[in-house]
Amino acid sequence: MRRHLHAPTFLLANIIVDIEPFLVLILGLRYPLHGYLHTFLLAVPAGILLGYLMFLLEKVLQPLYKMLMLEKNDGLCLKRFLIAGGLGTGLHVLFDAPLYSDMRPFYPLSTANPLYNPSLTPEIYGLCVWTGALGTAYYITLVGLSIHRKLSKKDTK
């Protein structure tokens with residue numbers, strides 16, 4: 001996955017969509033919790049824009065990514081950033097749509113939420129928990145392998 005998607009952009013894109021309900025709650029806005037940013041029409045372009053911004057910020061953020069082992073040193077590829085952003089925000093909308101009746105994922109084509117199915121809540125939360133657990137295990141493995149390699153290099157010197 002790290003070859004095709006920029007992991008930090010993908011992670012941030014999955015979260016950034018929820019700035020909308022956060023602002024609604026914090027500012028007490030008279031606006032649906034899951035409004036326009038929770039539509040494919042706005043979420044995917046917002047993710048692509050995020051991908052482009054992350055691409056522009058890459059040189060500034062790269063030391064942090066390296067320290068956290070979030071990316072490999074395989075050069076910059078704008079496509080990886082754009083796909084990660086669009087896919088991250090699109091998946092967020094797709095996973096949220098069955099959970100919230102106030103969402104309109106296909107707006108303006110439809111003002112209904114044909115994906116709304118609260119009976120899928122346990123499966124969606126379970127999928128999120130399992131992918132989070134697998135991602136955490138993968139990350140811990142990367143860190144462990146990196147430490148092992150560094151210790152092995154010290155022993156050979």
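Only residues that are surrounded by 13 or more Cβ atoms within 10 Å (Cβ to Cβ) and either farther than 15 Å from PHE10 by Cα or polar (S, T, N, Q) (or both) were counted in segment 69-93, giving 1. A Cβ distance below 7 Å, combined with a sequence gap of six or more or placement on separate chains, defines the contacts here; from segment 91-115, residues that are closer than 20 Å to PRO45 by Cβ and among the basic types (Lys, Arg) reach residues that are at pLDDT 95 or above and surrounded by 17 or more Cβ atoms within 10 Å (Cβ to Cβ) in the pairs ARG104/THR39; ARG104/ASN113.
So LEU57 clears everything in (1) hydrophobic (A, V, I, L, M, F, W, C); (2) surrounded by 14 or more Cβ atoms within 10 Å (Cβ to Cβ); (3) within 18 Å of the chain's Cα centre (by Cα); (4) under 30 Å from TYR36 (Cα atoms) except one condition, right? Which one? Single failed check for LEU57: (2). Screening TYR31 with (1) surrounded by fewer than 20 Cβ atoms within 10 Å (Cβ to Cβ); (2) over 12 Å from GLY88 (Cβ atoms); (3) under 17 Å from the mean Cα position of the chain (by Cα) gives one miss only, at (3).
The values are calculated or read from the model by the stated rules, or taken from the named source; none is laboratory data. Quick caveat, the model's predicted, so the values are computed rather than measured. Because the Cβ atoms are built from the backbone with ideal geometry, glycine has one as well, and the counts that use them run over all protein chains shown.
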